[in-house]
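These notes are about the structure you will find just below.
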Amino acid sequence: MKLEEKQSVHIIGGGLAGLLLGIRLRQNDVPTRLSEAGPYPRHRVCGEFMSGAGVDVLRQAGMIDPFLDRGARWGKSVAFFSEKDLLQRFELPRPALCLSRYAMDDALAEKFQDLNGDLESNARIRESEWDQEGTVCAVGRRRLAVDEGWRWYGLKIHTRNFAIESDLEMHLHRDAYIGACRIEDDRVNLCGLFRRPAENASGEKPSPIELLRGLPGSILYEKTESAEFLTETQCAVAGLDLHPRSATDGGTCRLGDALTMIPPLTGNGMSMALESAYAAVQPLVEYSEGKKGWNETVRFIANNLNSDFSERLAWARRIQQSLFSPIARPVLLSVGKLFPPIWSFGFGKTR
């Protein structure tokens, strides 16, 4: 079938899922338009740590070398900390790719345009247009202002001279967890998930840097004592919805965080975004070629995503709830200190 005879695909949202999907569709000669609400490149709240199957998806799209050219590092070690103790340090089964979202999005957007994809930045598409035929929604997270009396929000900033000991560190605090990751230019990305009671949302709050340093006296706080915080990289996001969602809820074709957001603790959100895009490629190619109708395509993609993600989302939800439960948290930390492999076990179950 000639290119001009193929059905076009419109992707709304140019994050990891949207850009990767656009690249793979163009590599299959599908006419593709991508609309992104913001500019390229820009900093985003993100762990900037790609592990598991997401690396394979990048390799198939030809993106490993462009990432390495922008300074990406291979991460091999992970460490989990409570406020006062090292809980476990272990080697990853496979190296992870670590690079800032600023550089990642820039490389992916450049690749999409090199493939003659139609990229529109600063283009906000009305929600009423998301469920049109041939439209894929990859706009980012769903919003939830209050979840069982709590407000959830994320913070991110790059640092220099942070005393990081492993390629990835996760620091578990009472009402937050903060991840540290080695990225390009000898920087360390600090990215955390925080909660505060909804009734105190308007009260006096610590600054983002104070929050990302962790509690005074904690291991994380000591690691940041000599750190330089690069304020131009600072960003925040609020209204996070961490409830697992089924891909078959509703008739819109959703990918990545627009479908569901896995708790950031797992370090698997970026990989899931890419995996969801990969799962949608072949059905959309067949739609474009007239081999599948649109409703059939949406159902096929949804069933693939539910099959791929339901188990890891369930495990991630259990771990997230335990870490923020006043009853389960101290038990989990105590057991985790006596039996460290529990952390690598949970890490593996969310992949």
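Taken over segment 18-48, residues that are in a helix (DSSP H, G or I) and open to solvent by 10 Å² or more (accessible area, probe 1.4 Å) amount to 3.
Among Ala107, Ala96, which is touching a helix residue (DSSP H, G or I) at 6+ places or on another chain (Cβ under 9 Å), free of Cβ contacts under 8 Å to residues at least 60 places away in the same chain and of a type in the set (A, V, I, L, M, F, W, C)?
Working: Ala96 fails: free of Cβ contacts under 8 Å to residues at least 60 places away in the same chain.
So the residue among Ala107, Ala96 that is touching a helix residue (DSSP H, G or I) at 6+ places or on another chain (Cβ under 9 Å), free of Cβ contacts under 8 Å to residues at least 60 places away in the same chain and of a type in the set (A, V, I, L, M, F, W, C) is Ala107.
When Ser288, Ser271 are checked against the criterion of being open to solvent by less than 10 Å² (accessible area, probe 1.4 Å) and under 14 Å from Thr350 (Cα atoms), a single residue qualifies: Ser271.
State which residue is most open to solvent (accessible area, probe 1.4 Å) when the search covers only segment 296-324 and only residues that are more than 30 Å from Cys253 (Cβ to Cβ) and either at pLDDT 90 or above or in contact with a helix residue (DSSP H, G or I) (Cβ under 7 Å, 6 or more places away or on another chain) (or both). Give the steps one after another, and end with the answer.
Start the filter on segment 296-324 by keeping residues that are more than 30 Å from Cys253 (Cβ to Cβ), which leaves 322-324.
Now drop any that are not either at pLDDT 90 or above or in contact with a helix residue (DSSP H, G or I) (Cβ under 7 Å, 6 or more places away or on another chain) (or both), which leaves 322-323.
Values: Ser322: 37, Leu323: 8 Å².
Among those that are more than 30 Å from Cys253 (Cβ to Cβ) and either at pLDDT 90 or above or in contact with a helix residue (DSSP H, G or I) (Cβ under 7 Å, 6 or more places away or on another chain) (or both), it is Ser322.
Residue pairs whose Cβ atoms lie under 9 Å apart, sitting 6 or more positions apart in sequence or on different chains, and linking a residue in segment 215-242 that is within 18 Å of Ile183 (Cα to Cα) and touching a residue at least 40 places away in the same chain (Cβ under 8 Å) to a partner that is open to solvent by 70 Å² or more (accessible area, probe 1.4 Å) and assigned to a strand (DSSP E or B), are Ala227/Arg160; Glu228/Arg160; Phe229/Arg160; Leu230/Arg160.
From the set of residues in segment 238-258 that are touching a Leu at 6+ places or on another chain (Cβ under 8 Å) and not in a loop (DSSP other than H, G, I, E, B), which is modelled with the highest pLDDT? Only one residue tops the list, namely Gly256.
For segment 180-193, the set of residues classified as open to solvent by 10 Å² or more (accessible area, probe 1.4 Å) and touching a helix residue (DSSP H, G or I) at 6+ places or on another chain (Cβ under 8 Å) consists of Glu184, Cys191, listed by residue number.
Every condition in (1) part of a strand (DSSP E or B); (2) over 30 Å from Gln282 (Cβ atoms); (3) open to solvent by less than 10 Å² (accessible area, probe 1.4 Å) is met by Ser166 except one, and the failing one is (1). Being of a type in the set (Ser, Thr, Tyr), in contact with a Pro (Cβ under 8 Å, 6 or more places away or on another chain) and modelled with pLDDT of 95 or more is the filter here; which residues of segment 98-145 pass it? Matches in segment 98-145: Tyr102 only.
Only residues that are within 27 Å of Ala176 (Cβ to Cβ), open to solvent by 10 Å² or more (accessible area, probe 1.4 Å) and part of a strand (DSSP E or B): list them for segment 88-118, please. The answer is Gln88, Arg89, Phe90, Glu91, Leu92. Taking the numbered list (1) among the hydroxyl-bearing types (Ser, Thr, Tyr); (2) at pLDDT below 95; (3) open to solvent by 20 Å² or more (accessible area, probe 1.4 Å) in turn, Ser51 passes all entries but (3). Considering segment 56-85 alone, what residues qualify as being hydrophobic (A, V, I, L, M, F, W, C), crowded, with 20+ Cβ neighbours inside 10 Å and closer than 10 Å to Leu97 by Cβ? Selection gives Leu58, Met63, Phe67, Ala72.
The values are calculated or read from the model by the stated rules, or taken from the named source; none is laboratory data. If you're wondering where the values come from, they're calculated on a predicted model, not measured in any experiment. For neighbour counting, all protein chains shown are included, and Cβ atoms are generated from backbone atoms with ideal geometry for every residue, glycine included. Accessible surface is based on the protein model in full, side chains and every heavy atom, while ligands, DNA and RNA are left aside. Shrake-Rupley method; radii C 1.70, N 1.55, O 1.52, S 1.80 Å.
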